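Right, one structure below, let's go through it.
The values are calculated or read from the model by the stated rules, or taken from the named source; none is laboratory data. What you see is a predicted model; the values in this text were computed from it and never measured. All Cβ positions, glycine included, derive from the backbone under ideal geometry; neighbour counts span all protein chains shown.
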Amino acid sequence: MVEALRHLDAGFAKLPEFESQAPALDGVRPVLLEAAERLRDNYPYFHPLYAGQMLKPPHPVARAAYALATWINPNNHALDGGRASSAMEKEAVAQLAAMFGWNDCLGHLTGGGTMANLEALWVAGRLQPGKTVVASAGAHYTHQRISGVLQLPFEAISTNSTGGMDCEALEQRATKGDIGCVVATLGSTGTGSIDDLPAILQLREKFGFRVHVDAAYGGYFTLADNLTASTRAAFDCIQQADSVVIDPHKHGLQPYGCGCVMFRDQTVGRLYRHDSPYTYFSSKDLHLGEISLECSRPGASAVALWATQRLLPLAPGGEFAKGLTSSRAAALELAQRLGQDPRWVVPFAPELDIVVWAPRADSVAAASAMSQDYFDRAASRDLHLALTRLPAHYFGESYHGDEGEILCLRSVLMKPEHERWLDEIVDRLG
Ligand SMILES: Cc1ncc(COP(=O)(O)O)c(C=O)c1O
């Protein structure tokens, strides 16, 4: 890091020396120590015994590259503020696009999955004004909220028994003829479920809606080599979707602040057209601000992603891909062990690396209370899980036909260490 910083600094050696006037440098040490003290009040997200929410430590190269870039602090809005880092962003996004089979799409990084999805739905709304956006009832809540922001009607389509979109219900709903965009989630936040993208694309032929793929969490799994045939088929046709979102700050080993939206048809860039009296002067080349809704964006994010993909290319069978395969293997193994234990009910096998399960009990209410109890007891043994509410119908007759929602245990096994830590995790589950 220090060597890289010196190298960067040497690039500006011809400038006259100057003394930094940053105020209060003497006070930095105690403030940093105080910040470190404050940060101790967190769950241990970096540790394999944190197996709860979707949290994955950034790779060391991403942390270092991010910090290195803040020395310059480029702004990827315009080439005037972030020349090198804008070029790096274009390269990194092209690599993400290539992972889905796209060679000449339009895309850029965003602050995260919400902003990336907002742009995709904004484009959909501009192309099919006033038409309805639909997503499965298991999709991220952001789609409904974003549709509200964009003043587009939104409807949820019911889910099937494995948490994916019920495509028969979608077809029935589509016959009304007012759907402008279907959001297909490849990797739902709650259960890692996969919508049947091939079926949705077939319905697009009939009904003419746009198809947006929300692969914010699941997208990188296209590199895994242990997916089920139907999940593989869904990932393999992302290429035919109109837009796709993937979050490097989830499975892409990046610090928060790194989402990505991509459009198959580059010409949607026209919808972003605007003029800025302040920027876009230093080059006739495309400034990323000309194709994104956010203005200032951290060039450091692009540098971190570029460095990570340089070290760990997005290649099937490569080191990065093995991490995804291992996360899914860990989830499959955990689901299998839980399924063999009479104390638990596992509603379905994981498609990616999220496992959901509930305690066996006489009623939905009893199972929910027990989930909370197991969750608390695991935490007292330093095993951190998550909770989620799922429709009782996912569990078939396990709760004697009770309806409503069950509070379930949930674990996202997204760390490279998780596969080896399964014994310890199962032990501490109690
Ligand atoms: C499938 C999916 N879409 C969208 C989002 C929202 O992304 P972000 O939290 O980066 O804004 C998430 C977050 O978990 C997600 O899992």
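Summary table
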read-out	value
Unique match (being outside the structural domain of A234 (by TED's automatic domain parsing), touching a residue at least 60 places away in the same chain (Cβ under 8 Å), part of a loop (DSSP other than H, G, I, E, B) and not β-branched (V, I, T)) among E397, E351, E333	E351
Residue match in the stretch 231-244 (condition: within 12 Å of the ligand (Cβ to nearest atom) and closer than 17 Å to K415 by Cα)	no
Subset of the stretch 177-196 (residues that are within 14 Å of the ligand (Cβ to nearest atom) and either of a type in the set (A, V, I, L, M, F, W, C) or not assigned by TED's automatic domain parsing to the domain that holds Y217 (or both))	V183, A184, L186, I194
Conditions (1) within 15 Å of the ligand (Cβ to nearest atom); (2) hydroxyl-bearing (S, T, Y); (3) touching a Lys or Arg at 6+ places or on another chain (Cβ under 8 Å); number of the one not met by S282	(1)
So A94, is it out of contact with any Leu (no Cβ under 9 Å at 6 or more places or on another chain) and within 28 Å of H140 (Cα to Cα)	yes
Sole exception among (1) within 16 Å of the ligand (Cβ to nearest atom); (2) without any contact (Cβ under 8 Å) to a residue 12 or more places away in the chain for E205, by number	(1)
Enumeration of residues in the stretch 277-297 that are surrounded by 17 or more Cβ atoms within 10 Å (Cβ to Cβ), more than 22 Å from the chain's Cα centre (by Cα) and in a loop (DSSP other than H, G, I, E, B)	T279, Y280, H287
Filtered residues of the stretch 101-117 (kept if more than 8 Å from the ligand (Cβ to nearest atom) and either within 16 Å of C295 (Cβ to Cβ) or outside the structural domain of P248 (by TED's automatic domain parsing) (or both))	H108, L109, T110
Helices (runs of 4 or more DSSP H) contained in the stretch 1-106 and holding at least 3 residues in contact with a strand residue (DSSP E or B) (Cβ under 7 Å, 6 or more places away or on another chain)	83-99
Residue check, A174 modelled with pLDDT of 95 or more and either surrounded by fewer than 24 Cβ atoms within 10 Å (Cβ to Cβ) or not assigned by TED's automatic domain parsing to the domain that holds T142 (or both)	yes
Residue within the stretch 115-129 that is in contact with a Lys or Arg (Cβ under 7 Å, 6 or more places away or on another chain), surrounded by 20 or more Cβ atoms within 10 Å (Cβ to Cβ) and at pLDDT 95 or above present	yes
Hits in the stretch 107-163 (condition: aliphatic (A, V, I, L, M), part of a loop (DSSP other than H, G, I, E, B) and more than 15 Å from the chain's Cα centre (by Cα))	A137, L150, L152
Count - residues of the stretch 209-230 that are within 12 Å of the ligand (Cβ to nearest atom), closer than 23 Å to A174 by Cβ and among the aliphatic types (A, V, I, L, M)	2
Hey, D402 farther than 20 Å from N226 by Cβ and without any contact (Cβ under 8 Å) to a residue 24 or more places away in the chain or not	no
Number of positions in the stretch 245-276 that are within 11 Å of the ligand (Cβ to nearest atom), surrounded by fewer than 22 Cβ atoms within 10 Å (Cβ to Cβ) and of a type outside the set (S, T, Y)	1
Subset tally (residues that are surrounded by fewer than 23 Cβ atoms within 10 Å (Cβ to Cβ) and either hydroxyl-bearing (S, T, Y) or touching a residue at least 40 places away in the same chain (Cβ under 8 Å) (or both)) for the stretch 225-235	5
Residue match in the stretch 280-289 (condition: free of Cβ contacts under 8 Å to residues at least 60 places away in the same chain and polar (S, T, N, Q))	no
Test: residue in the stretch 358-375 that is crowded, with 23+ Cβ neighbours inside 10 Å, in contact (Cβ under 8 Å) with a residue 40 or more places away in the chain and not small (G, A, S)	no
Identity of the residue in the stretch 81-96, surrounded by fewer than 19 Cβ atoms within 10 Å (Cβ to Cβ) and not charged (D, E, K, R), that ends up farthest from V245 (Cα to Cα)	A84
